[in-house]
Amino acid sequence: MNDDLIPPRLRDDCFAMPQGVEWVPVSDALARLRAALGPIEDTQTLHPTSALGAVLARDAVGQRSNPPRPNSAVDGYGFAHAATGDGVQELPLVQGVAAAGRPFDGTVPAGNAVRILTGAILPKGVDTVVLEEDCAANATHVAFDGPAKFRANARAAGEDMKAGEIAVRAGQRLRAPDLALLSALNIAEVTVFRPLRVGVLSTGDEIIATAGQPAEPHQIYDANRPMLLGLVQGWGYTPVDLGHVRDDPDEIAARLDSAAVDVILTTGGASAGDEDHVSRLLRDRGTLSSWRIALKPGRPLALALWDGVLVIGMPGNPVAALVCAAIFARPSLSLMAGAGWCEPLAMHVPAAFSKQKKPGRREFLRARLVDGAVEVFASEGSGRISSISWADGLVELPDEACDISPGMLVRYLPYAALGIF
Ligand SMILES: Nc1nc2c(c(=O)[nH]1)N[C@H]1C(S)=C(S)[C@@H](COP(=O)(O)OP(=O)(O)OC[C@H]3O[C@@H](n4cnc5c(N)ncnc54)[C@H](O)[C@@H]3O)O[C@H]1N2
Ligand code: MOO
């Protein structure tokens with residue numbers, strides 16, 4: 001036996017801390033990112049119909065009130081309330097109809113009524129409308145059982161929004177319902193941040209860039225790049241395919257240097273092994289801020305700046321890459337895109353599984369909701385790519401130890417709450 005070869009006790013635990021190594025808690029890494037990042041500065045002016053998914057850089061201000069004039073909320077009969085009272089009211093009908101798009105030009109004399117349809121501007125002399133279902137009418141008169149409520153079924157001008165009010169605030173990512181409001185208020189221009197450009201790079205000598213190409217047994221098809229490009233697109237940014245590079249620091253550096261993007265997501269080479277060039281490169285030639293996160297899966301995550309560009313160096317295992325993207329990349333990109341830091345909308349649902357978890361790291365399990373309870377994938381292996389396709393979300397277990405049994409409430413993050421569709 002060699003005296004200088006004294007191994008530590010066998011633990012087979014990736015999370016057993018090597019001497020002198022500190023794991024960065026998830027919340028610390030998130031806080032560092034949040035403090036270090038800011039929105040991109042470039043903006044552009046678009047017609048709202050071209051701005052779905054874009055992030056407003058300035059408040060959008062209404063150019064018109066909604067509704068622009070007082071109008072009727074129902075089909076019925078309109079009149080001046082002051083000339084009516086209790087009991088059966090029989091009012092002569094003026095000639096003509098007030099309809100949406102065909103306003104009634106004249107004045108309705110007090111004590112008279114006019115046929116009015118939903119959306120029609122209230123004619124002069126009308127402040128109250130009775131539903132047609134509550135009326136009896138013939139060609140010349142309408143009757144209803146009073147008293148009618150003053151201003152019943154009448155919508156006031158600007159009761160929804162007034163011209164000059166802020167319709168949608170800066171920082172809002174424009175969704176289809178926002179486009180409805182912008183259009184209704186005659187907002188024909190919005191100032192938005194230009195789309196964030198997010199580069200995706202895969203590293204690894206074993207990687208074959210695209211399915212369909214021939215592969216030797218020692219080679220594997222790139223699962224991470226298509227996933228990450230898809231996530232980026234789903235989050236509303238411009239995915240930039242930086243392709244695949246071998247485990248060669250100079251090649252990786254050259255690819256990082258030539259990427260004309262705002263952020264770079266890499267996978268592979270993040271841990272400490274001999275071939276793990278990405279983390280070493282980021283440490284030696286970039287500014288590495290966090291590395292080795294107390295997280296499973298996704299522990300060897302590297303957060304760094306490369307010539308001022310944020311690089312999120314994620315582990316190669318596809319499950320770990322998905323978790324790191326959802327937990328770290330998503331809020332970071334949202335902040336850079338101008339939409340602010342975002343927390344996923346979690347649900348607390350009963351577990352349909354048992355699990356004992358050690359303290360000291362946060363864990364994400366691939367999960368899905370079945371009949372109101374959350375199931376988890378049978379294996380926790382982070383190379384089990386089928387698990388992330390099987391799942392509809394992730395269960396987040398806290399940094400502390402926990403002992404979960406069926407029926408206990410756990411924190412469930414549906415894929416939809418992470419922007420994964
Ligand atoms: N002795 C130790 N070994 C490992 C540890 C450890 O603590 N001690 N940590 C493990 C954990 S956890 C992870 S996660 C991985 C992370 O490794 P890297 O980020 O350096 O990634 P690679 O070694 O390059 O790859 C890991 C795994 O993933 C496959 N891979 C890589 N890229 C892709 C891709 N684009 N598509 C599909 N699959 C990919 C790769 O072939 C490896 O199987 O390290 C553990 N090891
Ligand atoms: O973090 Mo590795 O995080 O298990 O796949």
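Could you tell me which of the residues 245, 232, 263, 240 is in contact with a Leu (Cβ under 6 Å, 6 or more places away or on another chain), touching a residue at least 40 places away in the same chain (Cβ under 8 Å) and away from ligand 2 (no atom under 16 Å from the Cβ)?
263
From the set of residues in the range 170-220 that are polar (S, T, N, Q) and within 16 Å of ligand 2 (Cβ to nearest atom), which is nearest to residue 233 (Cα to Cα)?
Checking each candidate, the answer is 202.
Looking at the range 284-293, which of its residues are within 14 Å of ligand 1 (Cβ to nearest atom) and not in a strand (DSSP E or B)?
Within the range 284-293, 292 is the sole residue that qualifies.
Quick one: which strands (runs of 3 or more DSSP E) sit completely within the range 76-153 and have at least 2 residues that are crowded, with 20+ Cβ neighbours inside 10 Å and either in contact (Cβ under 8 Å) with a residue 60 or more places away in the chain or charged (D, E, K, R) (or both)?
76-79, 141-146
Identify, from the list 329, 346, 270, the residue that is surrounded by 22 or more Cβ atoms within 10 Å (Cβ to Cβ) and under 24 Å from the mean Cα position of the chain (by Cα).
329
What pairs come out if I take residues in the range 291-309 that are assigned by TED's automatic domain parsing to the domain that holds residue 322 and of a type in the set (D, E, K, R) and pair them with residues that are away from ligand 2 (no atom under 16 Å from the Cβ) and modelled with pLDDT of 90 or more whose C-beta lies under 9 Å away, six or more apart or interchain?
307/256; 307/257
Residue-wise test of (1) within 8 Å of ligand 1 (Cβ to nearest atom); (2) assigned to a strand (DSSP E or B); (3) surrounded by fewer than 22 Cβ atoms within 10 Å (Cβ to Cβ).
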residue	(1), (2), (3)
300	yes, no, no
304	no, yes, no
312	no, yes, no
324	no, no, no
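Farther than 21 Å from residue 202 by Cβ and within 10 Å of ligand 1 (Cβ to nearest atom): does that describe residue 296?
Taking the combined requirement at face value, the residue satisfies it.
Across the range 257-283, what is the total count of residues that are within 16 Å of ligand 1 (Cβ to nearest atom) and part of a helix (DSSP H, G or I)?
7
Being within 16 Å of ligand 2 (Cβ to nearest atom) and of a type in the set (Asp, Glu) is the requirement here; does residue 363 meet it?
In short, yes.
Among (1) farther than 21 Å from residue 262 by Cα; (2) near ligand 2 (Cβ under 10 Å from one of its atoms), which single condition is residue 301 missing?
(1)
If you go through the range 126-170 one residue at a time, how many are in contact with a Phe, Trp or Tyr (Cβ under 8 Å, 6 or more places away or on another chain) and under 30 Å from residue 53 (Cα atoms)?
Residues that pass the stated criteria total 0.
The values are calculated or read from the model by the stated rules, or taken from the named source; none is laboratory data. Keep in mind that this is a model prediction, so the values were computed, not measured. Neighbour counts run over all protein chains shown; Cβ positions are idealised from the backbone, glycine included.
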